[in-house]
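S.K.: I have a structure here, written as structure tokens, and I will follow up with some questions on it.
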Amino acid sequence: MFNLGLWNHIGALLTCLLLFQPFTTAEAQDSCPFDDYHFINRLKEGDKKNGLKDYSQAALIFSEAVDYAKRCDAPAYRIANAEGLLGITYRLMDRNREAENLLVHAIAVYESTLPADWGVIANYYNVLGVLYYEQGHLNKAKSAHSTSVTLYETSLNQSKEKNDLYFLSLINLAKDYWEVAQFREGDEQFQKALDVLKRYPGKNKDAYGSKLLEVSFYYIEKGDFDEAERMILQAEKLLQISNSPMLSKAYSYHALVSLKKNKYVESETLYNQALASIERLYGKQGIRYLAGLVNKAYLFIEQAKFEQVRPLVQEASSLMGNNKYPILHGGVLYLQGSMAQADHDFLAAEKYFMDAIEAEKRVFGNTHRNIAKFHAALAKLYAEQGKQALALEHFKAAIEIQKKVAPLSHPDYDQLLKSYNAFLAKSPEYVSPQK
């Protein structure tokens, strides 16, 4: 149930960034003076490797291109061009610190180059925002995505609506706002994205399917699962035509909606499809695969199938390591707490749930749907041990947060109230049931 970044749109970004010079089929050596045609061809080769998900080879090609451009005193923007592409590739390889340094430097070079190529700069800010989001740096993510949107709306006003990456910048910024409970600001960006979608669906069916998928997330957040499912099904059909890498995300969203509608068998099938797709693209590693494990484990937790949860939690814990992915850390801790509770190790479960709450606060602040969920888990843990006062305290905390992060009509709020009222029915000495 975690929203991750828009990594599957990087191919479009790579293509956009390479449109500086025509390509040539002539062979050339990495010798000076600097050969612009040869340099662009090398970037083209790296782009192809990224398209084939051969990130190690792509990184090698881009790294050699950087070295060649520096050695032959190429123009600064050419070096930045290769550095930016290398940074994008490193992000896909979870080499986040190197990716950040390269992208920040590339942006600085492009901003100082006259005339500045604002399209490239806007794209780099968008990717940098995704990188920050995946690391749990939401304020930095919001700043980067906001800059990207502003550049499109000022320096690139004439072409913004026909650029798929403007749409993605809007969606990313909306999600940044939603994650920190700035719903009015997030909805404003989302409405702009929806307007872009209506005016310009995309250059092909794959692009349109990807946009529909991103829009469906809004309806998931609002609890309108029927509308979300309708859009996801339409997106899946379009993305299946080209066997798009975005299918893994479509299956994940569809699985989440099916889970919310208590279609457990369908949800499991879809999560399996999502994980298989992610594994083909990225291997059993990285933030995407970890998110897939966490989501599938959530499904089994909902059904109290703890023996099926156990291997998933073990694998997820191994991938998480020493808080390698802060944005997913709270989720993994919650799963560890759920397993400890199933094993009747209540002290360990309590610590895991409390740590999960603190982990989410460090990333999202004090108001987030996951924090409400983890407070509710603590409440149920205390109720199971007969610690009614503590259970009541955490149920109330969960309810207050849930009221702030979603409409009262949201199914999650209804489910939380059912748990709370069931607790009160067994503890009549406490407050009256809520409605």
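The values are calculated or read from the model by the stated rules, or taken from the named source; none is laboratory data. Since we're looking at a predicted model, the values are computed, not measured. All Cβ positions, glycine included, derive from the backbone under ideal geometry; neighbour counts span all protein chains shown.
S.K.: Given the conditions (1) surrounded by 24 or more Cβ atoms within 10 Å (Cβ to Cβ); (2) in contact (Cβ under 8 Å) with a residue 40 or more places away in the chain, which single one is not true for Y77?
M.R.: (1)
S.K.: Is one or more of the residues making up the stretch 91-114 buried (at least 16 other Cβ atoms within 10 Å of the Cβ), in the same structural domain as E179 (by TED's automatic domain parsing), assigned to a helix (DSSP H, G or I) and touching a residue at least 40 places away in the same chain (Cβ under 8 Å)?
M.R.: For the stretch 91-114, residues buried (at least 16 other Cβ atoms within 10 Å of the Cβ), in the same structural domain as E179 (by TED's automatic domain parsing), assigned to a helix (DSSP H, G or I) and touching a residue at least 40 places away in the same chain (Cβ under 8 Å): present.
S.K.: Here is a list of conditions, (1) over 25 Å from N295 (Cβ atoms); (2) surrounded by 19 or more Cβ atoms within 10 Å (Cβ to Cβ); (3) not basic (K, R), and E393 meets all of them except one; can you say which number that is?
M.R.: So E393 meets the others, but not (2).
S.K.: Look at the stretch 267-300 and say how many of its residues are closer than 25 Å to R91 by Cβ, small (G, A, S) and part of a helix (DSSP H, G or I).
M.R.: 6
S.K.: Within the stretch 407-421, is there a residue that is touching a residue at least 60 places away in the same chain (Cβ under 8 Å) and in contact with a Ser or Thr (Cβ under 7 Å, 6 or more places away or on another chain)?
M.R.: Within the stretch 407-421, not a single residue is touching a residue at least 60 places away in the same chain (Cβ under 8 Å) and in contact with a Ser or Thr (Cβ under 7 Å, 6 or more places away or on another chain).
S.K.: I'm trying to understand the selection: among the residues of the stretch 255-266, which are closer than 17 Å to F217 by Cβ and assigned to a helix (DSSP H, G or I)? Full working, then the answer.
M.R.: Narrowing the stretch 255-266 to residues closer than 17 Å to F217 by Cβ: 255-261.
The answer is A255, L256, V257, S258, L259, K260.
S.K.: Out of curiosity, is N139 assigned to a helix (DSSP H, G or I), surrounded by fewer than 22 Cβ atoms within 10 Å (Cβ to Cβ) and within 17 Å of the chain's Cα centre (by Cα)?
M.R.: Numbers: assigned to a helix (DSSP H, G or I): yes; surrounded by fewer than 22 Cβ atoms within 10 Å (Cβ to Cβ): yes; within 17 Å of the chain's Cα centre (by Cα): yes.
For N139, the condition - assigned to a helix (DSSP H, G or I), surrounded by fewer than 22 Cβ atoms within 10 Å (Cβ to Cβ) and within 17 Å of the chain's Cα centre (by Cα) - is met.
S.K.: Also, quick follow-up: Look through the stretch 305-364, keep the residues that are basic (K, R) and not in a helix (DSSP H, G or I), and return whichever of them is farthest from the chain's Cα centre (by Cα).
M.R.: Going residue by residue through the stretch 305-364, those that are basic (K, R) are 305, 310, 324, 351, 361-362.
Now drop any that are not not in a helix (DSSP H, G or I), which leaves 305, 324.
Values: K305: 27, K324: 15 Å.
Among them, the one singled out is K305.
S.K.: Turning to a different aspect of this structure: So, in the stretch 337-370, of the ones that are of a type in the set (A, V, I, L, M, F, W, C) and in contact (Cβ under 8 Å) with a residue 40 or more places away in the chain, which residue ends up farthest from Q402 (Cα to Cα)? Full working, then the answer.
M.R.: Here is the first cut: in the stretch 337-370, the residues of a type in the set (A, V, I, L, M, F, W, C) are 339-340, 342, 346-349, 353-354, 356-357, 359, 363-364.
This time we only want the ones that are in contact (Cβ under 8 Å) with a residue 40 or more places away in the chain, so: 363-364.
Numbers: V363: 17, F364: 14 Å.
Here the residue is V363.
S.K.: Just one of (1) assigned to a helix (DSSP H, G or I); (2) touching a residue at least 12 places away in the same chain (Cβ under 8 Å) trips up A389, so point out which.
M.R.: (2)
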